[in-house]
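Some notes on the structure that comes next.
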Amino acid sequence: MRGWQLAPTPPIPDDDLLTLVDHQQVLAEILCRRGYGKMDRARGFLDPSQYEPAPPTDLPDLERAALLLREAIDTQKTILIWGDFDVDGQTASALLLDALKPLTDVRLHIPDRVRDGHGISVESLKNIIETDHPALLLTCDTGISAHDTIDFANAYALTTIITDHHDLPPRLPDADAIINPKRLPPEHPLHSLPGVGVAYKLIQHLYYVLDRSHETPRLLDLVALGIVADVAEQTADTRYLLQIGLEKLRHTERPGLRALLEVARRDPATVTADEIGYQLGPRLNAAGRLGDPLLAVELLTTRDAARVPILAQQLEGLNARRRQLQRETETSARQQITDDPSLLDYRALILFGADWHAGILGPVAGRLAEDYQRPVVLLTAVNERVARGSGRSAGDYDLSQAISATAELLLGYGGHPGAAGVTLPIVNIAAFRRALSESLVRLTPALSDSPSPSGEGVGGEGNLLIDSRLPLDSITPSFVAVLDRLAPFGEGNPQPIFQTDDLQIISAAFLDRLHEHRRLTVQDANGVQCSVFWWNSGSLELPTTNIDLAYTLRLNANHEVEIVLMDYRLHDQIAAVPHIGPRLIDCRTEADPLAALAQLKADVPNLTVWAEGFAKAEAPGVPRHELTPGCPLAIFTAPPTPGVLADVLNRLNPPAIYLFGVEPSAQSPREFLRQLEGIAKFVINRQGGQIDLATLCGRTAQSEGIIRMGIAMLPGMSSALSGNTVQFLTRSDSPSQSRQLHAPETQSERGLGGEANPRFAALLEESRAYRDYFRRAPLASLLTTE
C-alpha cells in the first residue's frame, strides 16, 4: 500500500496572508509550505503584476548573441534555426521563426525523431550549408553537447549561437555564444527556463535593442504552450512567463492555435494549463513522434486561413494513431512483465520490443513509471545490432545522472532528471539493466529498499503528501475558485492533494467506449454525495468496502467542482504506515565544507542552506527563519540546541537533509555579549533600535533563550518586547512602562563580564556541547526529534 503522509501545519507569519486568500486557512498553509508565507512573495506568486522578473541579460552570453543576430539582420545574412521535435522544440522554433522572419532570410530545420534522433547531425548540417548557404546557426532546445557539429560549423565560418536548457556537459562546445539557464546558480529565477523560455528571453532583448519591444507580447502564447508541454519547473520566472502567457493564449490571434483548440474541443477563453498538457501538447507531439514536426511549427506560425484546417486535421489524425500505438505498446510491455515477473526485481524497469515505434516510447514509459514507481526505459531496435529508447523517472530518482554512470555500455545518451534518451548495442541491454539499477541504488540509497508495488490502492511505492483533510460538504465552488488562484499547476507547483475518509462507493460508470476511465459516486457517513473521476482505471477492480480517498480539485468550464482520484485505500484495512522521514546524507567529514557546499548547490536544485553566525555578505546560506519549506536542506552550521533543530525540521519538512554541522566561532560569555552589544549599537544607530528576535538568533547562531538573557545584560541599554520585535533603547531613552525581556538588578549580571551569571554561562556551554555532539552523533539518534 502506498504511504500517505499528512503535511505538517506551518505557522502563518502574517495575518494579512489569510485576507489574501479570502480567509481560507488551508490555502494559506499551502502557500507557507511552498515558501510563500511572506506577503511580498505570496503576492508575486499569485499575481504576475506583482512579480519582478529577472532581466534577460542575466543569462550568460545573451547580450553577445543578440549582437550577433543584429549584425546578421543588418547585413541581411541567412539564419539557420535548428530546432528539436518535441513541443518545447517546436514552440521555440516557431517563436524564433516568427520573430526573425520579418527581419531577414530565415531557414528552419528540425530532425526526424526516428531517423535522426535528438541533436545536430554533421551530415544534415553539411547538406543544408551546401544548399542554403546560411551565415549563422541558431539552435533552440538543443546543441549543448554538439561539440563535433559546432566544430564543423566553425570550419565553414558559420557564426554559432546555442540556446538550450538541458544539463551541461563537462566541457561546453566552442560556439560564439551559449545561452543556457543551467549556467546560472540553481537559485537564480531564470534557472528553470525551458527551451522556449530561453528563446523568448533572447528575442526579448534583441527586440529591445531593435526598439521593437512592443511586439514581444505576441510571442507569449507560444511560451505558455512550450512551458506546459515540456513539464518545466513552474517556479520564479518560468511561472511568471506561464501566467502572462496563458492569458495571451486565451486571446491568441494565431489561427493555428485557435484551430487546435477547436479540434480539442477546448474553450480558448478558459483553457487551463492542465488542458494544454493533456489536450494540446499530445496533438503537437504527435507530429514529432509519428510524422513531420514542421507540420506543428507551420500550424503555429501560418496566417494562411485555407491551410490551417488542413494542418489541424493532419495533427488530429496523427494523434489518433499515436493513441492507438501507445495502447498497443503498453499492452505489449505489461505482457512482458506478466511473462517474466523477475523484471520487477530491479530498481530500473528496462523493456525491449524490436517492433515498438520509437516515437511513443516516452509516454508509455511515463505511464509504467507512475504505476511501478521506479524509472522505466523502453527500447526498440534501430537495426539488428543497435537499440534506441526513452526513459522516464519516478519519485526522487535522477534518471539522467544514473544513466550517465553507465556510459561505458552506451553509444549515446542525454536528458534531465525526469526524462532521458539512450542508444546502446542490443547485446548490452541485460548489462544496462543491472548497471542502471545499481547506479540508482547508489545515488538514491534511501529508496533502495522500497518494496515492489503491492496491496490495495492505486500506484506503488512512494509517499503521497496530503495537503489537508476535508469533509465532503466543504468542497464548494467558492473554495475551489480560491484554490485555483494557486494555479497554474505543474512541476514545481503540484496540485494540492486532499483526503476524505470512510466513503462508500454508491455507483461506478465508464466514461468512454473503450472503458478506460470511470466516474464514481461516493457518499460519506452524513449522506453527502460527490462524483469522482478515476482516470485510466478501466483494468482495475473496484473496491468492495468503504475507502479513504486522496484527490485533487478543479472547476470545469461550467464552474462545477470536479474531484479527481489520485489514490485510495481500504478504510477498514488501514495499516499503521511508519513515518517516512527525510533522506539523510552525512557531509560532516568533508575536509573543505565550503567547497563541498558549493558543489552541492550546483548538484541539488532548490537546495536551501541553513547557515548562521556569518557576516551577511559572506554567509553561504540563510538563517533559520528564512529557510524555504519543502526543499532539500543543508544544515551547514550546527544548531545551538536540539529544540531549535526540531522546530526547523518540523516547519520545513525537507525531503532530504545534508548535514555539515560546521561550528561557529567558539565564544566565551564575554565575547558573545560584546558581539551582541555591537549589534545593538548598530540597530540603535541605523534601524531606529528595532530588530526581531529571529534575526538576532540568525546573526549570532544562538537560541532565543540565550538571546533573551544576553540582551538584558547589556550595560547602558534597555530592551522592550512587542510580539517578536526587540526595541533597544539607551538608558536615558527607556520609558518606564517598557516591558523588559529580563531585568536583573545587579551590576554583576548587567556587566560585560557575563561569567558572573552562572546560568548564562551554563546555557552557552550547553550550546557548545550540543554542537560538539552534533558533529559526532550517529545520524539516526541525531535527528530524533520526538
Of the conditions (1) more than 34 Å from the chain's Cα centre (by Cα); (2) assigned to a strand (DSSP E or B), residue 123 fails just one. Which one is it?
-> (2)
Go through segment 398-429 and give me each residue that's part of a loop (DSSP other than H, G, I, E, B) and either under 19 Å from residue 165 (Cβ atoms) or open to solvent by less than 40 Å² (accessible area, probe 1.4 Å) (or both).
-> 398, 406, 410, 417, 418
Looking at this structure, is residue 349 of a type in the set (A, V, I, L, M), open to solvent by less than 30 Å² (accessible area, probe 1.4 Å) and in contact with an Asp or Glu (Cβ under 8 Å, 6 or more places away or on another chain)?
-> no
Matching residues in segment 152-175 (open to solvent by 10 Å² or more (accessible area, probe 1.4 Å), under 28 Å from residue 398 (Cα atoms) and without any contact (Cβ under 8 Å) to a residue 24 or more places away in the chain) number 1
Residue satisfying all of: in segment 4-20; β-branched (Val, Ile, Thr) and surrounded by 14 or more Cβ atoms within 10 Å (Cβ to Cβ); nearest to the chain's Cα centre (by Cα) among these | 9
Looking at segment 683-701, is at least one residue modelled with pLDDT of 75 or more, among the β-branched types (Val, Ile, Thr) and open to solvent by 40 Å² or more (accessible area, probe 1.4 Å)?
-> yes
Show the residue pairs that are 6+ apart or on different chains and have beta-carbon atoms under 6 Å apart, the first residue being within segment 539-563 and open to solvent by 40 Å² or more (accessible area, probe 1.4 Å), the second being in a loop (DSSP other than H, G, I, E, B).
-> 557/267; 561/475
Within segment 128-151, residues being open to solvent by 20 Å² or more (accessible area, probe 1.4 Å), within 31 Å of the chain's Cα centre (by Cα) and either under 11 Å from residue 82 (Cβ atoms) or not hydroxyl-bearing (Ser, Thr, Tyr) (or both) number 1
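Conditions (1) closer than 24 Å to residue 70 by Cα; (2) outside any loop (DSSP other than H, G, I, E, B), marked per residue:
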{"position": "128", "(1), (2)": "yes, yes"}
{"position": "131", "(1), (2)": "yes, yes"}
{"position": "150", "(1), (2)": "yes, yes"}
{"position": "157", "(1), (2)": "yes, no"}
{"position": "168", "(1), (2)": "no, no"}
{"position": "173", "(1), (2)": "yes, no"}
{"position": "185", "(1), (2)": "no, no"}
{"position": "188", "(1), (2)": "no, no"}
Counting just the residues of segment 478-532 that are out of contact with any His (no Cβ under 9 Å at 6 or more places or on another chain) and of a type in the set (Asp, Glu), which one comes out nearest to residue 554 (Cα to Cα)?
-> 484
Taking segment 651-674 as the search range and keeping residues that are open to solvent by 60 Å² or more (accessible area, probe 1.4 Å) and modelled with pLDDT of 80 or more, which one is nearest to residue 604 (Cα to Cα)?
-> 651
Say whether the condition of being modelled with pLDDT of 90 or more, farther than 27 Å from residue 315 by Cβ and crowded, with 24+ Cβ neighbours inside 10 Å is met by at least one residue in segment 193-203.
-> yes
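One line per residue, one yes/no per condition, for (1) assigned to a helix (DSSP H, G or I); (2) open to solvent by 40 Å² or more (accessible area, probe 1.4 Å); (3) without any contact (Cβ under 8 Å) to a residue 40 or more places away in the chain; (4) over 21 Å from residue 98 (Cα atoms):
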| position | (1), (2), (3), (4) |
| --- | --- |
| 266 | no, yes, yes, yes |
| 287 | yes, no, no, no |
| 325 | yes, no, yes, yes |
| 328 | yes, yes, yes, yes |
Would a scan of segment 462-478 turn up a residue that is at pLDDT below 90 and part of a loop (DSSP other than H, G, I, E, B)?
-> yes
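How many of the residues making up segment 242-260 are open to solvent by less than 20 Å² (accessible area, probe 1.4 Å) and either closer than 11 Å to residue 222 by Cα or among the basic types (Lys, Arg) (or both)?
Within segment 242-260, residues that are open to solvent by less than 20 Å² (accessible area, probe 1.4 Å) and either closer than 11 Å to residue 222 by Cα or among the basic types (Lys, Arg) (or both) number 7.
Collect the residues in segment 346-362 that are in a helix (DSSP H, G or I) and without any contact (Cβ under 8 Å) to a residue 40 or more places away in the chain, keeping them in residue-number order.
Answer for segment 346-362, where residues must be in a helix (DSSP H, G or I) and without any contact (Cβ under 8 Å) to a residue 40 or more places away in the chain: just 361.
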Among the residues of segment 268-282, is any touching a Lys or Arg at 6+ places or on another chain (Cβ under 7 Å), within 19 Å of residue 217 (Cα to Cα) and modelled with pLDDT of 95 or more?
-> no
For residue 102, work out the one condition from (1) under 27 Å from residue 358 (Cβ atoms); (2) open to solvent by 70 Å² or more (accessible area, probe 1.4 Å); (3) in a loop (DSSP other than H, G, I, E, B) it doesn't fulfil.
-> (1)
What are the residue pairs meeting all of these: first residue in segment 72-93, first residue in a loop (DSSP other than H, G, I, E, B), second residue modelled with pLDDT under 95 and of a type in the set (Gly, Ala, Ser), Cβ atoms under 6 Å, and 6 or more apart or on different chains?
-> 83/89; 85/288; 86/288
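Looking at segment 652-712, what helices (runs of 4 or more DSSP H) fall wholly within it and have at least 1 residues that are under 37 Å from the mean Cα position of the chain (by Cα)?
By residue number, 693-700, 704-711.
The values are calculated or read from the model by the stated rules, or taken from the named source; none is laboratory data. Remember, it's a predicted structure, so these values are computed and weren't measured experimentally. No Cβ is skipped: glycine too gets one built from the backbone with ideal geometry, and neighbour counts run over all protein chains shown. Just the protein is used for accessible areas: all its heavy atoms, side chains included, with ligands, DNA and RNA removed. Shrake-Rupley method; radii C 1.70, N 1.55, O 1.52, S 1.80 Å.
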